[in-house]
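Chemist: Attaching a single structure in structure tokens format; questions to follow.
The values are calculated or read from the model by the stated rules, or taken from the named source; none is laboratory data. Only a predicted model underlies this, so the values are computations on that prediction, with no experimental measurement involved. Backbone-built Cβ (ideal geometry, glycine too); neighbour counts: all protein chains shown. Ligands, DNA and RNA are excluded from the accessible area calculation, which covers all protein heavy atoms including side chains. Shrake-Rupley method; radii C 1.70, N 1.55, O 1.52, S 1.80 Å.
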Amino acid sequence: MTQPTLFSFIFFLTNLLVSGKHIPTSLQGPFHPITIHFDPSLRRGSDDIPMDDPRLKKNVTSLFPEQIALALSTPTSMWVSWVTGDAQIGPNVTALDPTSVASEVWYGKESGKYSSKKRGNATVYSQLYPLEGLFNYTSAIIHHVRIDGLEPETKYYYRCGDSSLPAMSEEHVFETLPLPAQNSYPRRIAVIGDLGLTRNSSTTIDHLSKNDPSLILMVGDLTYANQYLTTGGKGVPCFSCAFPDAPIRETYQPRWDGWGRFMEPLVSRVPMMVIEGNHEIEPQAAGIAFKSYLTRFAVPAKESGSNSNFYYSFDAGGVHFIMLGAYVDYNSTGENGAQYAWLKEDLRKVDRTVTPWLVAAWHPPWYNSYSSHYQEFECMRQEMEQLLYHYGVDIVFSGHVHAYERMNRVYNYTLDACGPIYITVGDGGNIEKVDVDHADEPGKCPSQGDNMPEIGGVCHLNFSSGPAKGNFCWDRQPEWSAYRESSFGHGILEVLNSTYALWSWHRNQDTYKEDSPGDQIYIVRQPDICSPSTSLKVISHFNIYSH
């Protein structure tokens with residue numbers, strides 16, 4: 001037994017004795033598939049929070065900052081974003097002048113004493129529909145300021161705004177993360193997807209906040225503003241069902257402002273890293289899309305060598321995160337293979353002696369046994385999976401499916417001890433409600449013509465081997481699916497050392513206690529047999545149905 005493996009084993013035994021409870025490890029896998037069916041005593045969803053709710057209404061005057069949010073830039077720098085002024089919506093709108101108000105952040109290590117000041121940039125965007133009966137929108141002024149020279153694991157106090165008006169925010173506080181190192185990790189990383197702005201979303205965020213994360217991964221589909229007509233009114237679970245004659249997929253942009261206010265108490269103190277989902281596409285005139293996502297959020301694209309906010313990477317302690325875009329070109333060849341080329345170079349540069357953990361995230365899952373979105377992004381898997389496997393990605397987080405599912409280690413639909421653990425957390429609580437149907441249940445297998453992606457190709461396939469050979473769907477829960485449950489919730493990842501991380505999925509209906517997760521497992525890296533630095537891995541294949 002190598003020294004790191006011995007250390008991890010001793011750590012695991014010690015933690016087990018202290019906690020007094022048995023938490024399985026991925027080393028015990030692959031696990032027999034488990035399904036927790038939807039509890040009929042629960043509602044499948046809830047209505048959206050109305051715009052006149054105090055949490056969604058603007059509560060500052062004039063050009064004072066609101067919708068304040070943080071995002072990581074580099075290990076020693078942070079993005080601070082906020083909004084000032086008033087958005088406009090109606091048949092005719094006039095964009096505000098973003099130079100009319102300054103973008104300043106004052107910050108320091110003592111409350112009320114700000115030793116540093118930085119200026120940034122401001123912009124506005126418009127969502128335009130030159131069609132009769134539809135409203136146009138132009139945003140308030142959106143500010144992004146990058147503050148740098150920060151010390152690791154240090155508390156900083158800050159205010160943002162324009163000191164010349166004067167219009168500065170109240171004081172806020174955040175704590176920086178550890179520097180990249182193999183034994184230095186963020187305290188808790190929250191993972192959430194498909195959040196929306198419903199009563200269920202509120203429960204999710206309340207629960208997540210009580211779990212006190214130091215970093216948040218938001219894996220797409222943030223506001224569901226596109227579940228509305230441009231004229232507002234009531235949101236709907238199915239846009240095409242409720243508005244079959246809509247000339248374009250409309251979106252009510254004030255929901256973005258409401259969502260920013262709703263999230264501010266959390267994300268003004270904890271950095272949130274986002275990636276786009278299909279509900280962020282928001283097409284408008286002249287073929288423009290993703291305008292709100294691209295304008296509202298600061299991400300470390302340039303810092304990570306990416307030329308697009310649709311995909312980027314960052315370090316948080318000893319974890320290297322890769323955020324991929326499923327709704328831009330992901331092909332490995334051709335003129336438009338920029339994302340793949342960037343990904344290959346980013347993976348090549350990762351130093352696993354500094355950041356041992358490699359975590360990837362994108363919106364739609366590659367491995368999914370629910371009827372909803374089944375095999376929808378098979379093309380993306382076929383293009384990118386081999387590259388991620390070769391470099392030893394440890395965990396992949398996705399959303400899109402409004403339920404929870406954790407996979408056994410898998411590669412190319414085959415159980416593989418060196419494959420990533422894929423986890424779907426698209427259960428944030430949005431208006432489209434929780435998914436309950438599984439593709440392997442009688443009558444629930446989608447047709448080959450279902451589940452077409454909004455952007456990208458279609459590569460649906462029948463399985464070529466195993467119990468589902470020759471079929472589009474399995475007739476039982478697939479062996480690569482370890483645990484699935486139709487409940488709203490969020491996840492917490494606690495990286496303990498260079499080989500052990502504790503993953504806990506917390507259901508909304510459970511009590512807010514650390515010892516009551518719906519699903520929990522120690523994810524264990526095995527760099528001695530799954531080293532990305534070698535061209536040939538020691539691969540273990542399993543078939544749990546052969547026993």
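Chemist: Given labels modelled 7 Å from the Cα in the Cβ direction, how far is it in nm from THR94 to LYS109?
Modeler: Modelled inter-label distance: 4.9 nm.
Chemist: Still on this structure: Using θ = phi - 60° and the Karplus relation 6.51 cos²θ - 1.76 cosθ + 1.60, list the HN-Hα couplings for the range 88-97 in order, rounded to whole Hz, with x at every Gly or Pro.
Modeler: In residue order, the calculated couplings are 10, 9, x, x, 10, 10, 10, 5, 6, 8 Hz.
Chemist: Next question, about the same structure. Give the relative contact order (percent, whole number) for the range 55-97; include only Cα pairs under 8 Å separated by 6+ residues.
Modeler: Details: 35 pairs, mean separation 13.4, N = 43.
Once normalised by length, the contact order is 31 percent.
Chemist: Between VAL354 and LEU165, what FRET efficiency follows from the Cβ-Cβ distance if R0 is 60 Å, with the result rounded to 0.05? All intermediate terms of the calculation are to be shown ahead of the outcome.
Modeler: Details: r = 44 Å, r/R0 = 0.73.
The formula returns an efficiency of 0.85 here.
Chemist: I'd like the distance separating the alpha-carbon centroids of the range 455-487 and the range 142-192, in whole Å.
Modeler: With the range 455-487 and the range 142-192 each reduced to a Cα centre, they are spaced 42 Å.
Chemist: Now, a different point. Positive end of the dipole of the range 406-502, charges at C-beta (+1 Lys, Arg; -1 Asp, Glu), about the Cα centre: which of GLY426, THR414, ALA501 has its Cα farthest in that direction?
Modeler: Farthest towards the positive pole: THR414.
Chemist: To continue, here is another question. Please identify the cysteines of the chain that lack any partner cysteine with a Cβ under 4.7 Å from their own Cβ.
Modeler: CYS160
Chemist: Report relative contact order for the chain in percent, whole number only (criteria: Cα-Cα under 8 Å, sequence separation at least 6).
Modeler: Rounded, it is 17 percent for the chain.
Chemist: A follow-up question, please. Using a ≥ b ≥ c from the Cα gyration tensor of the range 28-150 (square roots of the eigenvalues), is it rounded, prolate or oblate, where a/c under 1.5 gives rounded and otherwise the larger of a/b and b/c decides, a/b for prolate?
Modeler: Here the range 28-150 falls in the oblate category.
Chemist: How large is ³J(HN,Hα), in whole Hz, for each residue of the range 246-252 in order, when computed from phi with the Karplus curve 6.51 cos²θ - 1.76 cosθ + 1.60 and θ = phi - 60°, using x for Gly and Pro?
Modeler: Result, rounded to whole Hz: 4, x, 7, 5, 6, 8, 9.
Chemist: May I ask you to compute the full-extension gain from ILE36 to ASN471, defined as 0.36 nm times their residue separation minus their alpha-carbon distance, rounded to one decimal in nm?
Modeler: Full extension from ILE36 to ASN471 adds 154.1 nm.
Chemist: What does the charge dipole of the chain about its Cα centre add up to, to the nearest 20 debye, if the Cβ of each Lys and Arg holds +1 and the Cβ of each Asp and Glu holds -1?
Modeler: Using Cβ point charges on Lys, Arg, Asp and Glu, the chain gives about 980 debye.
Chemist: Measuring from label point to label point, each 7 Å out along Cα→Cβ, what is the LEU387 to SER62 span in nm?
Modeler: Modelled inter-label distance: 5.0 nm.
Chemist: Once you have the Cα-Cα distance between ILE23 and ARG199, take 0.36 nm times their residue separation minus that, and quote the gain in nm to one decimal.
Modeler: 60.2 nm
Chemist: Projecting each Cα onto the charge dipole of the chain (Lys/Arg +1, Asp/Glu -1 at the beta carbon, about the Cα centre), which of TYR157, TYR137, GLN375 comes out farthest on the positive side?
Modeler: Among TYR157, TYR137, GLN375, the one farthest towards the positive end of the dipole of the chain is TYR157.
Chemist: Continuing with this model, one more query. Considering only C-alpha atoms, what is the centroid distance from the range 54-130 to the range 359-405, in Å?
Modeler: Distance between centres, Cα-based: 34 Å.
Chemist: While we're looking at this one, here's another question. Ranking request for peptides 131-138, 298-305: highest mean number of other beta-carbon atoms within 10 Å first, then the rest in descending order.
Modeler: Details: 131-138: 16.4, 298-305: 19.4.
In decreasing order of mean packing, 131-138, 298-305 become 298-305, 131-138.
Chemist: When a/c is below 1.5 the answer is rounded, else prolate if a/b is larger than b/c, else oblate, so apply that to the chain with a ≥ b ≥ c taken from the square roots of the Cα gyration tensor eigenvalues.
Modeler: oblate
Chemist: Estimate the FRET efficiency between ASN462 and ASP53 by the formula 1/(1 + (r/R0)^6), using the beta-carbon distance for r and 35 Å for R0, to the nearest 0.05. Don't skip to the answer; put the middle values down first.
Modeler: Working: r = 48 Å, r/R0 = 1.37.
Efficiency, rounded to the nearest 0.05: 0.15.
Chemist: With a probe of 1.4 Å, find how much accessible area the range 349-507 has per residue, and write the answer as a whole number in Å².
Modeler: About 27 Å² of surface per residue is accessible.
Chemist: In addition: Using a 1.4 Å probe on the protein heavy atoms only, what accessible surface does GLU441 show? Give it in Å² to the nearest 10.
Modeler: For GLU441, solvent-accessible area is about 40 Å².
Chemist: Amide H neighbours of MET168 under 5 Å, counting only residues 5+ apart in sequence or on other chains, H built in-plane at 1.01 Å?
Modeler: ASP162
Chemist: Would you kindly state how much longer the chain becomes between ALA286 and THR76 on full extension, computed as 0.36 nm times their sequence separation minus their alpha carbon distance, in nm to one decimal?
Modeler: Full-extension gain reported as 71.7 nm.
Chemist: Hey, what do the phi angles of the range 388-395 turn into as Karplus ³J(HN,Hα) couplings, whole Hz, using 6.51/-1.76/1.60 and θ = phi - 60°, x for Gly and Pro?
Modeler: For the range 388-395, the Karplus-derived couplings read 5, 5, 4, 8, x, 4, 8, 9 Hz, x marking Gly and Pro.
Chemist: Let me ask something else. Nearest 20 debye, what's the magnitude of the dipole of the range 74-163 about its Cα centre given +1 on Lys and Arg Cβ and -1 on Asp and Glu Cβ?
Modeler: 360 debye
Chemist: Next question. What are the residues whose amide H is under 5 Å from the amide H of GLU282, where those residues sit 5 or more places off or on another chain and H is modelled from the backbone?
Modeler: For GLU282, whose amide H was placed from the backbone, the distant partners under 5 Å are PHE290.
Chemist: Bin width 5 Å, alpha-carbon pairs only: give the P(r) of the range 299-382 as whole percents, running from 0 to the bin holding the largest distance.
Modeler: The distribution over the range 299-382 is 3, 14, 23, 22, 18, 13, 6, 1, 0, given as percents.
Chemist: Can you compute the FRET efficiency between GLU151 and GLU454 using 1/(1 + (r/R0)^6), with r the Cβ-Cβ distance and R0 = 45 Å? Round to the nearest 0.05.
Modeler: My answer for the efficiency is 0.55.
Chemist: Where nothing but the Cβ of Lys and Arg (+1) and of Asp and Glu (-1) is charged, how large is the charge dipole of the range 289-379 around its Cα centre, in debye to the nearest 20? Before the final figure, lay out the partial values.
Modeler: Numbers: 7 positive and 9 negative charges, 44 e Å.
Magnitude of the dipole: close to 220 debye.
Chemist: Can you give me the distance in nm between label points at ALA341 and LYS117, each placed 7 Å from the Cα along the Cα-to-Cβ direction?
Modeler: Between ALA341 and LYS117, the label points sit 4.3 nm apart.
Chemist: Answer rounded, prolate or oblate for the range 367-476, using the Cα gyration tensor with square roots of eigenvalues a ≥ b ≥ c: rounded when a/c is under 1.5, else prolate when a/b is larger than b/c, else oblate.
Modeler: Taking the square roots of the gyration eigenvalues as a ≥ b ≥ c, the range 367-476 is rounded.
Chemist: Please sort by residue number the trypsin sites (Lys or Arg not before Pro) in the range 17-110 whose DSSP state is loop and whose Cβ has at most 12 other Cβ atoms within 10 Å.
Modeler: Sparse-neighbourhood loop trypsin sites (Lys or Arg not before Pro): LYS21, ARG43, LYS57.
Chemist: Let me ask another. If I ignore ligands, DNA and RNA and count only protein heavy atoms, how much of LEU496 is accessible to a 1.4 Å probe, in Å² to the nearest 10?
Modeler: 60 Å²
Chemist: Residues with amide H under 5 Å of VAL425's amide H, sequence separation 5 or more or different chain, H placed in the peptide plane at 1.01 Å from N; which?
Modeler: Those qualifying (amide H under 5 Å, at least 5 residues apart or on another chain) are SER398, GLY399.
Chemist: Relative contact order for the range 383-464 using alpha-carbon pairs under 8 Å, separation at least 6, rounded to a whole percent?
Modeler: Working: 99 pairs, mean separation 20.5, N = 82.
Value for the range 383-464: 25 percent.
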